[in-house]
Each structure stands twice: as C-alpha cells, then as structure tokens.
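First comes the structure, then the notes that go with it.
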Amino acid sequence: MRERSGPVRVVFNPQQIRIVGGPRMGHGTMPFYHFDLTNSETIAGERYVELPGDGEAMDSADVIARQLVSDHPELRNQSYAVLVTNEEGDEVCRVPLDVLH
C-alpha cells in the first residue's frame with residue numbers, strides 16, 4: 001500500500017518551511033512527485049504527492065511558488081526555487097521564485 005497525498009500546500013514559519021500533501025492511503029496508479037524548496041541546498045520538502053502527470057506537477061509547482069512569494073515576499077532575490085522530482089529522482093521542473101510577477 002502506498003501513501004497518496006491530497007492537494008499540495010505550503011506550511012511556513014521562520015524556522016521551518018514544509019511543502020506537504022494531505023495524507024490518504026490506497027493503491028495508486030498515478031505517478032508520485034516530490035516538491036522541495038531549494039536555493040543552494042534543499043530547504044524544505046516532505047513526502048511524495050500523487051498527480052496525474054508531469055503537466056499537473058509543473059502546474060502545482062507554479063501554484064506553490066506563487067503562494068510562497070505572495071505570503072512571504074522576503075523569499076524573493078535569494079535564489080529560491082520550487083524543485084519537482086519524480087519518484088525516480090529525475091528533475092521534472094524548477095520554478096525560480098525570483099522570476100514570478
């Protein structure tokens with residue numbers, strides 16, 4: 001049995017930033033994606049999220065990045081990005097927070 005996750009959301013406090021999905025249990029057939037907040041190293045990332053495909057993972061990364069910039073503008077101009085990898089560890093996309101408007 002694999003753990004599936006619900007909608008991706010961002011949990012932020014000055015000591016800890018987490019990107020999480022709401023847990024659900026079941027046998028999934030969709031691929032899993034991992035979302036990290038990175039700069040020169042991984043700052044935050046937690047559990048894999050089940051999504052239909054790469055396009056939805058890229059869309060979710062954009063939503064997460066925009067939410068982070070909106071809620072925490074101090075993260076701009078510090079080389080942060082939302083990094084998405086698949087369950088094999090391959091990079092799917094990287095959304096730099098500095099380029100969002």
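The values are calculated or read from the model by the stated rules, or taken from the named source; none is laboratory data. Every value quoted in this text rests on a predicted model; they were computed, and no experiment measured them. Glycine also receives a Cβ, built like all others from the backbone with ideal geometry; neighbour counts cover every protein chain displayed.
Here are some notes:
- Filtered residue count, region 55-93, keeping only those that are within 21 Å of M30 (Cα to Cα) and out of contact with any Phe, Trp or Tyr (no Cβ under 8 Å at 6 or more places or on another chain): 11
- Subset of region 55-101 [more than 16 Å from H34 (Cβ to Cβ), surrounded by 13 or more Cβ atoms within 10 Å (Cβ to Cβ) and among the polar types (S, T, N, Q)]: Q67
- Just one of the numbered conditions (1) at pLDDT below 90; (2) within 15 Å of the chain's Cα centre (by Cα) is not true of R66: (1).
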